[in-house]
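Worksheet for the structure shown next.
What follows draws every value from the coordinates through simple rules; no lab data is involved. All of these numbers come straight from a predicted model, not from anything done at the bench. We place every Cβ from the backbone using ideal geometry, glycine too, and count neighbours over all the protein chains shown.
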Amino acid sequence: MDSALQSFLSAVPQAAAIWLTILLLLAVAVVCARLPRATALPAPEPDENPYAAEVESAVAEASAAAGRRRAEWLESQQAVDAAWTAYEQAEADARRIAAATAYPLMSRRRKPGENVDRQRYLHRAATELCRTQDLSIGQLNDVYAHRGWNPRLHPVQQEAALHAAVREHRLEAYRKAVAAEQAAWRSAEAAAETLRDLRAEAAAARLRGPASQAADQQWWSEQWTGAELPAAA
C-alpha cells in the first residue's frame with residue numbers, strides 16, 4: 001500500500017510537466033494560427049505581345065513630338081503677330097515722315113564740309129536702325145556702299161528714305177514669319193496624324209493578341225523605317 005502511494009506521488013510531477021508541455025504547444029499553435037499569413041506575390045507574366053508594347057512605346061514618343069510641334073506652331077503664331085505689329089508701326093512712321101517732306105526744301109549754297117556731315121548723319125542713323133533690327137545687315141551695307149542711297153541729301157530727306165527702308169524690312173520680316181508659321185502648322189498636323197495612326201495601331205495590336213505577331217512585325221517594318229520613326233522627330 002505504501003509503495004503504491006509512493007509510486008503515485010512520484011509520478012504526479014512528471015504528469016504535470018507533460019500536461020504543461022502539451023498546453024504550451026497548443027497555445028503556440030493557436031497564436032500561429034491567428035497571425036496573418038504572407039501572401040505570395042504572383043510572378044510577373046512575360047509580355048506575350050511585344051509588338052503591341054513596341055507600338056505603345058512609339059505612341060509615347062510620337063505624343064511628345066506632337067506636343068513639341070504644336071508648341072512651335074503656337075510660338076510661330078506669336079511671331080507673326082509681333083511682325084505685323086512692327087510693320088504697322090513702320091508704316092505709320094514712314095507715312096508721317098513722308099508727309100513732313102511734302103514741301104520742297106529751300107535751295108541754297110552748301111557750306112564747305114556740309115556734304116560730309118550729311119553722309120555721316122546717314123551712316124550714323126542707318127547704323128542705329130540696324131542695331132534695333134529695324135534695318136537688315138544687307139540694307140546697312142547698301143547704305144555704306146551708297147547703293148541706291150544719296151549721301152548728299154538733306155537729313156530730312158534721308159530720314160524719309162531710311163524709314164521707307166524700315167517699312168520694307170518689316171514687311172519682308174512679316175512675310176518670312178507667315179511662311180515659318182505655315183511650315184510649323186504643316187509639321188504639327190503631320191505629327192498629330194502620325195500620333196493618331198500609332199494610337200489606332202496600338203489599340204488594334206492589343207485586341208488582336210499575340211497570334212498575329214509575325215504579320216504585325218512585317219507591317220511595322222514596311223510602314224516605319226528608321227528615319228520615319230516618331231523618335232527621330
Check your understanding: Running Debye on region 56-210 with equal point scatterers at the Cα sites and no solvent, what base-10 log of I(q)/I(0) appears at q = 0.09, 0.10, 0.16 Å⁻¹?
Key -> -0.50, -0.56, -0.91
Exercise for review: Could you give the size of the charge dipole of region 48-94 about its Cα centre, using +1 on the Cβ of each K and R and -1 on the Cβ of each D and E, expressed in debye and rounded to the nearest 20?
Suggested key: 80
Study note, to complete from the structure: Placing each pseudo-label 7 Å from Cα in the direction of the beta carbon, D117 and R186 end up separated by a distance in nanometres of 5.5
